[in-house]
Amino acid sequence: MERRDLFRALGAASALALLPLPHDVVEAWARVASGLRSTDGLSDAQLALVGAIGDTIIPRTDTPSATDVQVPPFVNVMVAEYYTDGERTAFLAGLSAIDAHATANGGGAFASLGEDARGKVIESIEALAERRAEPARTYWRLKDLVVSGYFTSEPVMKQVLKVQVMPGKFEGAAPMPKRGASPSSGGAHV
């Protein structure tokens, strides 16, 4: 099974389970489409880090990457508008912890590393035994947001998953089968 096929199957089956609320996701994508950027959101450097991590998790192949479908702005909206102040502060500190881990284990800031080095840093974070401690805690939260954002984005839903909002089609002028001749025996019709 190809990696993209696995993503497609897992995404279709579990994308909604990963989401805070489907209504929130629709609103978040509407905010991304509006182009407005929240003042309580991520800085440009943090957005670059989120994009680099997102593209390491879901790189561009025959399908779009995480940044191709605007996942970093989606993460920004979710963190800025749906996280509490405490959650947002912890998430931003966790992004710094991820970057510090990359510097210590990969030789530089995550966004400046090459593709192979980024992959190794991600593997080292995923291998950490304690997922409730930084940088793993924020990484797993971010990964959930990246996967959720990716599989609920319009380009992925239409081009990759081929989701039909209204399955089937309406045929208003569909031919009707002809009724057989009714028996007329002169008696009462039922």
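Run down L128, L161 and say which single residue is surrounded by fewer than 22 Cβ atoms within 10 Å (Cβ to Cβ), farther than 18 Å from A52 by Cβ, of a type outside the set (V, I, T) and under 13 Å from the mean Cα position of the chain (by Cα).
Selected residue: L161, the only one of L128, L161 that is surrounded by fewer than 22 Cβ atoms within 10 Å (Cβ to Cβ), farther than 18 Å from A52 by Cβ, of a type outside the set (V, I, T) and under 13 Å from the mean Cα position of the chain (by Cα).
Tell me which residues, restricted to region 3-35, are within 15 Å of F74 (Cβ to Cβ), among the small types (G, A, S) and either modelled with pLDDT under 60 or loosely packed, with under 14 Cβ neighbours inside 10 Å (or both).
G11, A15, A30, A33, S34, G35
Looking only at region 126-159, how many residues end up being free of Cβ contacts under 8 Å to residues at least 40 places away in the same chain and charged (D, E, K, R)?
The number of residues fulfilling the criteria is 5.
Yes/no matrix, rows are residues, columns are (1) at pLDDT below 95; (2) within 30 Å of K162 (Cα to Cα):
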residue	(1), (2)
V50	no, yes
T103	no, no
G106	yes, no
G119	no, yes
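I need the full set of residues from region 95-119 which are closer than 18 Å to I58 by Cβ, surrounded by 16 or more Cβ atoms within 10 Å (Cβ to Cβ) and among the charged types (D, E, K, R), in order please.
R118
Just to be sure I understand, how many residues within region 83-93 are more than 20 Å from the chain's Cα centre (by Cα) and in a helix (DSSP H, G or I)?
5
Does region 167-177 include one or more residues that are at pLDDT 85 or above and either of a type in the set (D, E) or not in a loop (DSSP other than H, G, I, E, B) (or both)?
no
Across region 36-47, which residue is surrounded by the most Cβ atoms within 10 Å (Cβ to Cβ) among those that are assigned to a loop (DSSP other than H, G, I, E, B) and at pLDDT 85 or above?
Looking at residues that are assigned to a loop (DSSP other than H, G, I, E, B) and at pLDDT 85 or above, I get L42.
Can you tell me how many residues within region 48-82 are in a helix (DSSP H, G or I), free of Cβ contacts under 8 Å to residues at least 40 places away in the same chain and surrounded by fewer than 19 Cβ atoms within 10 Å (Cβ to Cβ)?
The qualifying residues number 0.
Yes or no, residue by residue, for (1) touching an Asp or Glu at 6+ places or on another chain (Cβ under 7 Å); (2) not aliphatic (A, V, I, L, M):
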{"site": "D62", "(1), (2)": "no, yes"}
{"site": "A66", "(1), (2)": "yes, no"}
{"site": "F74", "(1), (2)": "no, yes"}
{"site": "A90", "(1), (2)": "no, no"}
{"site": "A104", "(1), (2)": "no, no"}
{"site": "G107", "(1), (2)": "no, yes"}
{"site": "G114", "(1), (2)": "no, yes"}
{"site": "A127", "(1), (2)": "no, no"}
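The values are calculated or read from the model by the stated rules, or taken from the named source; none is laboratory data. It should be emphasised that the depicted structure is a prediction, and the values quoted were computed from it without experimental measurement. With ideal geometry, Cβ positions are generated from the backbone for all residues, glycine too; neighbour counts draw on all protein chains shown.
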